[in-house]
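What follows is a short report on a single structure.
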Amino acid sequence: MTDSDPLLGPPLDPASMRKQYRAAGLDETELADHPMEQFARWFVQAAAHGEALGGVYEPNAMVVSTADAEGRPSSRTVLLKQYDERGFVFFTNYESRKARELTENPHVSLLFPWHPVARQVVVTGTARRTGRDETAAYFRTRPHGSQLGAWASAQSSVVSSRDELDASYAELVARYPEGEQVPVPPHWGGFRVSPRAVEFWQGRENRLHDRLRYVVQEDGVWRVERLSP
């Protein structure tokens, strides 16, 4: 424990920070047959809760954890942009750290941390690049500034200053003014995460949380197992 900072006040003790979850439980009989259907249910509920004051902020925000060929992990928050029975899709620069690691090691974990509703969804699976047509279709839906940003930023590389980044963006604004079509960067696109296991976590009192996990079997059928909290 360090001394108090006169500007920040006394140090915070994380060991003393705790919340008592009082949410309703999660029972096996309530689950959908397929984990993506169950995810859709919870996602809609999280999004609806997010519309209320103090609700879930950006329910499509997920922590994407990858590892390189030597098993060294890294994590970052990314926005989910599509989901269906095939899995979860996000888009990124293919020269970024996450993309390089997924090329070396396609195993990936996703975490949706919906703290205001005391829920988490944890996904493990493998990632593959989406097709260029799918990437282009999504790119066209992005705001003009975000399209330019995909060109301006050499994601995960060292940049000398903020001024350099802003200058790169300004050059693109001049080249592609509002209303003019921006080409899809060849180094930018999507990844689809095909799940092998999906855990639905519901906070309960006394840390006796409900944890129900779908696991895919060799015949493609999903089984559900309860995990000890």
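Observations, loosely collected:
- P(r) histogram, all alpha-carbon pairs of segment 86-177 included - 5 Å bins from 0, percent: 2, 10, 16, 17, 18, 16, 12, 6, 2, 0
- Virtual spin-label span in nm between GLU180 and ARG41, 7 Å along Cα→Cβ: 5.1 nm
- The chain - percent of accessible surface contributed by carbon and sulfur, probe 1.4 Å: 52 percent
- Area accessible to solvent at ARG207, 1.4 Å probe radius, in Å²: 110 Å²
- Accessible area expressed per residue, segment 104-189, with surrounding protein chains retained (probe 1.4 Å, Å²): 56 Å²
- Projected label points at GLN82 and VAL173, each 7 Å from Cα along the beta carbon direction, are separated by 3.1 nanometres.
- Think of each Lys and Arg Cβ as +1 and each Asp and Glu Cβ as -1; about the Cα centre, that makes the dipole of the chain roughly 240 debye.
- Gain in span if fully extended, HIS144 to ARG196, counting 0.36 nm per residue against the direct Cα distance: 15.2 nm
- Charge-dipole axis of segment 80-229 as Lys and Arg at +1 and Asp and Glu at -1 on Cβ define it, positive-most pick from VAL123, VAL89, GLN202: GLN202
- Of ALA154, TYR169, ALA137, farthest towards positive along the dipole that unit charges on Lys, Arg, Asp, Glu beta carbons give segment 135-176: ALA137
- Förster radius 30 Å - calculated FRET efficiency between GLN217 and ASP133, Cβ distance, rounded to 0.05: 0.40
- Cα pair distances of the chain binned at 10 Å [whole percent]: 7, 25, 29, 24, 13, 3, 0
The values are calculated or read from the model by the stated rules, or taken from the named source; none is laboratory data. Because the structure is a prediction, the values reported are computed rather than measured. Positions of Cβ are generated from backbone atoms using ideal geometry, with glycine treated the same way; all protein chains shown enter the neighbour counts. Calculation scope for accessible area: heavy atoms of the full protein, side chains included, ligands and nucleic acids excluded. Shrake-Rupley method; radii C 1.70, N 1.55, O 1.52, S 1.80 Å.
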